[in-house]
Amino acid sequence: MADMRAFRDAVTSWAAGHPGGPASELAVRLRVRTAVLLEGPSDLAAVETLAARHGRDLPAEGVCVVPMGGAMNISRYAGLLGPPGLGLRLAGLCDENEQSFYDRGLERARAPRQGFFVCVTDLEDELIRALGVTQVEEIVEAEGDLPAWQTFLRQPAHQGRPPERQMRRFLGTKKGRKIRYGRLLAEALDSEQVPAPLHNLLASL
């Protein structure tokens, strides 16, 4: 796992304009075959957690999950890791309103669209709808965040919105909260609750 993190860090450095030699060398040494491209670290936490719950050891399988720091970076990462670069198989998740960035980026990189799955709104929304707001509130309470959630609900700007949208917004109001709950919500999913995009992604790897 530590070695795969090193590869992920080398890819991030490469995407930022540094030499790609370290990433290339690690890809060969670790026998990386697939890069899973995700928008950010909360998606990474959910995917890796769910994979582990299903008995998958992605690094051992040659699969590296890579947070790109935003959908608009897809062209850069697909070019480095896909056919023009390391030649890895690409897979991933994208938010519904970011799908056009993915389509254009994958086309530029001559990478197949197959293996990428679209989340309605985003992955947090998929997880909240899968579990239901009541179950997510139980997790929020167990984490000691219930007072913050109740304060959030009393704010006029958030009243009158659907409960799922309120919860999704709440998870994004504090730095690090989306990452923490990405892991916690994935841990709470029963096998029949796994949202289709996540299920299909893991099944494709």
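Which residues, taken from region 147-160, are more than 16 Å from LEU185 (Cβ to Cβ) and open to solvent by less than 90 Å² (accessible area, probe 1.4 Å)?
PRO147, ALA148, GLN150, THR151, PHE152, LEU153, GLN155, ALA157, HIS158, GLY160
How many of the residues in region 115-135 are open to solvent by less than 80 Å² (accessible area, probe 1.4 Å) and part of a helix (DSSP H, G or I)?
Residues that pass the stated criteria total 10.
Which of the residues belonging to region 113-163 are within 20 Å of the chain's Cα centre (by Cα) and either of a type in the set (Lys, Arg) or farther than 19 Å from LEU50 by Cβ (or both)?
Once the filter is applied, which keeps residues that are within 20 Å of the chain's Cα centre (by Cα) and either of a type in the set (Lys, Arg) or farther than 19 Å from LEU50 by Cβ (or both), region 113-163 yields ARG113, GLN114, ARG129.
Based on what the data block shows, is GLU96 surrounded by fewer than 14 Cβ atoms within 10 Å (Cβ to Cβ), of a type outside the set (A, V, I, L, M) and within 23 Å of the chain's Cα centre (by Cα)?
yes
Evaluate the following for ARG183: is it open to solvent by 80 Å² or more (accessible area, probe 1.4 Å), within 12 Å of ASP125 (Cα to Cα) and not acidic (Asp, Glu)?
no
The values are calculated or read from the model by the stated rules, or taken from the named source; none is laboratory data. Predicted, not measured: the structure shown is a model, and the values here were computed from it. Glycine also receives a Cβ, built like all others from the backbone with ideal geometry; neighbour counts cover every protein chain displayed. The area values use the complete protein model at the heavy-atom level, side chains included, leaving out ligands, DNA and RNA. Shrake-Rupley method; radii C 1.70, N 1.55, O 1.52, S 1.80 Å.
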